[in-house]
Every structure is written in structure tokens, then in C-alpha cells.
Amino acid sequence: MNTIYVVGIGPGQYEKMTIEAAEVLRKSDVIVGYTVYVDLVKEHFPGKQFLTTPMRKEAERCRMAFEEAMKGQTVAMICSGDAGVYGMSGLMYEIGTEYPQVELKLVGGLTAATSGALVLGAPLIHDFAVISLSDLLTPWEKIEKRLSLAAEADFVICLYNPSSKKRKDYLQRACDLVLVHRSPETVCGYVRNIGRDGEEGHVLSLKELRDTQVDMFTTVWIGNSQTKKIGGKMVTPRGYRAEGERQ
């Protein structure tokens with residue numbers, strides 16, 4: 001049976017890729033991916049055939065991978081972060097029903113929620129929710145409901161795709177929804193270009209975050225009611241009980 005590896009390459013730097021992911025890419029004949037992600041790995045895997053498609057051509061990219069596998073090639077479909085978190089693995093399984101002769105094997109990677117959290121400190125030590133603000137595939141009304149309920153439940157909230165040229169005010173709108181349930185002084189943070197050149201992280205209040213301009217290469221963390229700033233870092237305690245009361 002022919003095989004396609006669906007590989008999470010992590011945030012960008014080769015050093016942050018898992019050993020398993022690197023080994024799979026070394027043994028692959030063809031590496032398929034979004035143009036930006038292929039550019040991140042190209043120099044580390046010379047001699048490979050690289051196939052790319054631009055953004056919003058995901059289905060075409062998947063079929064491209066399956067067609068190469070049908071030729072007997074060992075194929076790797078790469079995604080940033082983890083292939084199973086806003087990645088390509090779901091669509092690969094769906095389109096894979098058209099190619100029963102091809103087996104899929106998944107290789108995990110560091111997703112932005114966890115790799116960016118390391119830059120900010122320790123924001124995800126308690127329960128958290130990950131929500132994408134992109135309404136390309138999800139109606140904004142559903143995103144609003146998820147934001148409101150996560151805020152009401154006092155989850156730490158990690159926001160993917162917080163802004164773009166067409167969605168400049170989406171982070172502001174998200175903060176307004178959260179502010180219904182959270183203090184304006186809630187500790188928040190954002191990281192731009194996680195694991196890539198120009199990486200920068202900032203810790204700030206929710207009211208400051210509301211008026212901050214970010215881009216599509218930024219991930220945002222909104223703390224819960226217990227999150228605090230310690231030594232310039234964003235830290236969420238492990239629980240709600242006082243230290244001496246914990247079981």
C-alpha cells in the first residue's frame with residue numbers, strides 16, 4: 001500500500017521540529033505544502049521534489065499529494081504546527097476516501113498554542129480553549145458564541161488567526177466579547193512570528209490588547225481570572241485554591 005505522511009513541522013525553526021518529523025521528511029521523495037511552509041523546510045531537505053499551492057487551495061494540495069503517492073512515491077504533506085490542530089489531517093482523511101490504495105500516517109508537531117506559550121511564560125497551566133477568529137470556514141456568529149461561553153467559563157483563551165487585511169477589527173471585537181466577563185486588567189499576551197525570524201512576545205492587559213494591531217502571523221493568549229504577571233511573564237496558576245488548601 002502507498003503511504004502519505006501528514007507531518008506537523010512545528011512553528012518554523014528546524015530545531016523545533018520533532019526528530020520523527022525530520023526523519024520522515026528525509027526519507028520522503030516528495031514534500032507537498034503551502035508555499036510559505038515549504039520555504040521553511042526547503043534548505044534542510046535538499047534533493048527533494050517540492051510541490052506547493054497557495055492559500056485556499058487546500059483540496060487541490062491534498063489531491064496533488066495523493067496523485068504522487070499513486071505513482072509509488074513516498075510523500076509528505078506538511079503543515080505548520082501540528083497537522084491535527086487546524087491542519088491538513090482532517091481534509092486528507094476526507095479526500096483519502098477517493099484513494100483507498102493510499103495509507104495515511106500522522107506525525108505530530110508543536111502547535112502555536114504551546115510553542116508561543118513558551119515565549120510568554122506559562123499561560124496554559126490550567127484549562128484553556130483554542131479558538132480561531134477566521135470566519136472563512138466558520139460563521140462569525142458561531143465564533144462569537146464560542147468566545148462568550150469560553151470567557152464566561154473562565155478558560156484561558158488562545159486565539160489563532162486574530163487578524164488579517166480583511167479582518168482588521170476582529171481581535172477588537174473578540175476582546176469586547178471577553179470584556180463582558182473579564183476585568184480590563186486581565187493579563188494577556190501575544191507572540192508574532194513564533195519560532196521564526198523576528199519572533200517577539202508581549203505581555204499586556206486585556207484593555208491594551210483590545211487596541212493592539214496584530215497580523216495573521218500572530219497568536220494571542222487571554223488569561224483567566226487567576227492569570228498574573230510575574231517578572232514580565234504571563235503565568236496562570238495550576239488551580240483556584242490557595243496553595244495551602246490544595247489536595
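What the table shows:
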read-out: Test: residue in region 156-165 that is surrounded by fewer than 17 Cβ atoms within 10 Å (Cβ to Cβ) and either modelled with pLDDT of 95 or more or of a type in the set (D, E, K, R) (or both); value: yes
read-out: Flag for Glu152 being touching a His at 6+ places or on another chain (Cβ under 6 Å) and acidic (Asp, Glu); value: yes
read-out: Given (1) open to solvent by 10 Å² or more (accessible area, probe 1.4 Å); (2) without any contact (Cβ under 8 Å) to a residue 24 or more places away in the chain, index of the condition Thr53 fails; value: (1)
read-out: Residue identified as more than 15 Å from Glu103 (Cβ to Cβ) and open to solvent by 70 Å² or more (accessible area, probe 1.4 Å) among Gly81, Gly33, Gly47; value: Gly47
read-out: Selection within region 1-29 - among the hydrophobic types (A, V, I, L, M, F, W, C), touching a Phe, Trp or Tyr at 6+ places or on another chain (Cβ under 8 Å) and surrounded by fewer than 24 Cβ atoms within 10 Å (Cβ to Cβ); value: Ala22, Val24, Leu25
read-out: Matching entry among Glu185, Glu200, Glu208 (being open to solvent by 50 Å² or more (accessible area, probe 1.4 Å), at pLDDT 95 or above and within 20 Å of the chain's Cα centre (by Cα)); value: Glu200
read-out: Check on Leu136, surrounded by fewer than 16 Cβ atoms within 10 Å (Cβ to Cβ) and under 18 Å from the mean Cα position of the chain (by Cα); value: yes
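The values are calculated or read from the model by the stated rules, or taken from the named source; none is laboratory data. Only a predicted model underlies this, so the values are computations on that prediction, with no experimental measurement involved. Positions of Cβ are generated from backbone atoms using ideal geometry, with glycine treated the same way; all protein chains shown enter the neighbour counts. To get the accessible areas, we keep the full protein, side chains included, count just its heavy atoms, and leave off ligands, DNA and RNA. Shrake-Rupley method; radii C 1.70, N 1.55, O 1.52, S 1.80 Å.
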